[in-house]
Amino acid sequence: MAISKAVKAALKVLSYPDPDVRKTYLIERKLKKLNKMHPKDPRYRTWDHEVSCGDHKVPVRIFSLPDGLNHPVLLFFHGGGWVTGDIDSYDRVCMDMARMTQRVVVSVDYRLAPEHRFPAAVEDCYAVAREVFLNTDLLGVKPEEITLIGDSAGGNLAAAVSLMARDRGEFLPGSQILLYPATYSDHTPSSPYASVVENGSDYLLTSKRICEFMELYISSPNDYENPYFAPLLAKDFSNQPRTFIITAEFCPLRDEGEAYGQKLREAGGDVEIYCMPDALHGYFSLPTSFALVKRSYILINRFLKGPGKK
């Protein structure tokens, strides 16, 4: 069902005025914390763990399945523009993910900007991925049973971790799922991607807002050219995981996400790209009763079964 004129008009109103996230990010963090206030399914046990990364520990939360047996793993990096969100605010999303995929979910509480700027977030995510892939006793799974997954900024981090893993040579993920990922560094009107302009003002996540998040995330202007910041700028797209990219029709990041998939495909990668019709950025965090979320899990589970399997 297409977005009606009335809904589009309402979205335009909600998208304006667009507050400066550089001034409001602390308030937004507090608002996101409210998402953790929901009843938990007692069948899905969670426990917290920490992973060493340099001079600090990275918290993770593990969501197990009711049968308590070993299952394949989804290593999840949350969205929030590298500035907001945490494992608490994504509790329900991760619980739903475990239930809908019948996989163990490991959620990473990476450090946030601007207190911890690039590359802090990606280094934290890499450290957790390294432990999960190399310490097979931790979750009782083989490396090939682990899939990286992230939404928005988390999709960016998943792609960056895969590039970093190939470059450092310590491990290599076999599969990754990128949900409306940020992959490019320019979201001004001069962006080469039409969706930045077409969807950049009236659909909740604005192009202006993306630019402000990135300003909070970067350590220096040089970061805009770093492929671990903007994976689409990588010079080499080979030896990357089997990849599934889901974009959203009315998302400013739609075209750059799809362009990243095309780059991986041109380099010989096994890549699936799907644009969710009538969807806005962030829709995956809605309850699983929403049709768009149900459809996403059908596609994700099909991908997780492996090549050629339905």
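The values are calculated or read from the model by the stated rules, or taken from the named source; none is laboratory data. Note that this is a predicted model, so its numbers are computed, not measured. All Cβ positions, glycine included, derive from the backbone under ideal geometry; neighbour counts span all protein chains shown.
If you filter segment 108-131 down to residues that are over 14 Å from the mean Cα position of the chain (by Cα) and charged (D, E, K, R), you find that the one that is surrounded by the most Cβ atoms within 10 Å (Cβ to Cβ) is Asp124.
Go through segment 52-92 and give me each residue that's of a type in the set (Val, Ile, Thr), closer than 15 Å to Ile149 by Cβ and part of a loop (DSSP other than H, G, I, E, B).
Within segment 52-92, Ile87 is the sole residue that qualifies.
Quick one: would you say Leu299 is assigned to a helix (DSSP H, G or I), at pLDDT 95 or above and farther than 19 Å from Leu148 by Cα? Taking the combined requirement at face value, the residue does not satisfy it. If you go through segment 102-114 one residue at a time, how many are under 26 Å from Ser296 (Cα atoms), in contact (Cβ under 8 Å) with a residue 40 or more places away in the chain and either assigned to a loop (DSSP other than H, G, I, E, B) or among the charged types (D, E, K, R) (or both)? Total meeting the criteria: 3. Is at least one residue of segment 234-251 within 19 Å of His116 (Cα to Cα), out of contact with any Ser or Thr (no Cβ under 6 Å at 6 or more places or on another chain) and in a loop (DSSP other than H, G, I, E, B)? No, every residue in segment 234-251 fails to be within 19 Å of His116 (Cα to Cα), out of contact with any Ser or Thr (no Cβ under 6 Å at 6 or more places or on another chain) and in a loop (DSSP other than H, G, I, E, B).
Residues that are closer than 15 Å to Val51 by Cβ number at least 1 in the following helices (runs of 4 or more DSSP H) confined to segment 115-208: 120-134, 153-168.
Residue check: is Ala6 at pLDDT 75 or above and among the small types (Gly, Ala, Ser)? The answer is no for Ala6. Listed by first and then second residue, the pairs with beta-carbon distance under 8 Å, at least 6 apart or on different chains, first residue in segment 268-289 and exposed (fewer than 15 other Cβ atoms within 10 Å of the Cβ), second in a strand (DSSP E or B), are Asp270/Arg242; Asp270/Thr243. Selection of segment 256-267 for residues being farther than 15 Å from Tyr180 by Cβ and either touching a residue at least 60 places away in the same chain (Cβ under 8 Å) or touching a helix residue (DSSP H, G or I) at 6+ places or on another chain (Cβ under 7 Å) (or both) yields only Lys263.
Given the condition modelled with pLDDT of 95 or more, touching a Ser or Thr at 6+ places or on another chain (Cβ under 8 Å), surrounded by fewer than 19 Cβ atoms within 10 Å (Cβ to Cβ) and not charged (D, E, K, R), answer yes or no: does some residue in segment 95-107 qualify? Checked against the condition, which is being modelled with pLDDT of 95 or more, touching a Ser or Thr at 6+ places or on another chain (Cβ under 8 Å), surrounded by fewer than 19 Cβ atoms within 10 Å (Cβ to Cβ) and not charged (D, E, K, R), segment 95-107 yields at least one hit. Somewhere in segment 209-221, is a residue of a type outside the set (Gly, Ala, Ser), closer than 23 Å to Glu123 by Cβ, part of a loop (DSSP other than H, G, I, E, B) and modelled with pLDDT of 95 or more? Yes, the conditions are met somewhere in segment 209-221. Scanning segment 235-259 for residues that are more than 22 Å from Gly169 (Cα to Cα) and of a type outside the set (A, V, I, L, M, F, W, C) yields Thr247, Glu249, Pro252, Arg254, Asp255, Glu256, Gly257, Glu258.
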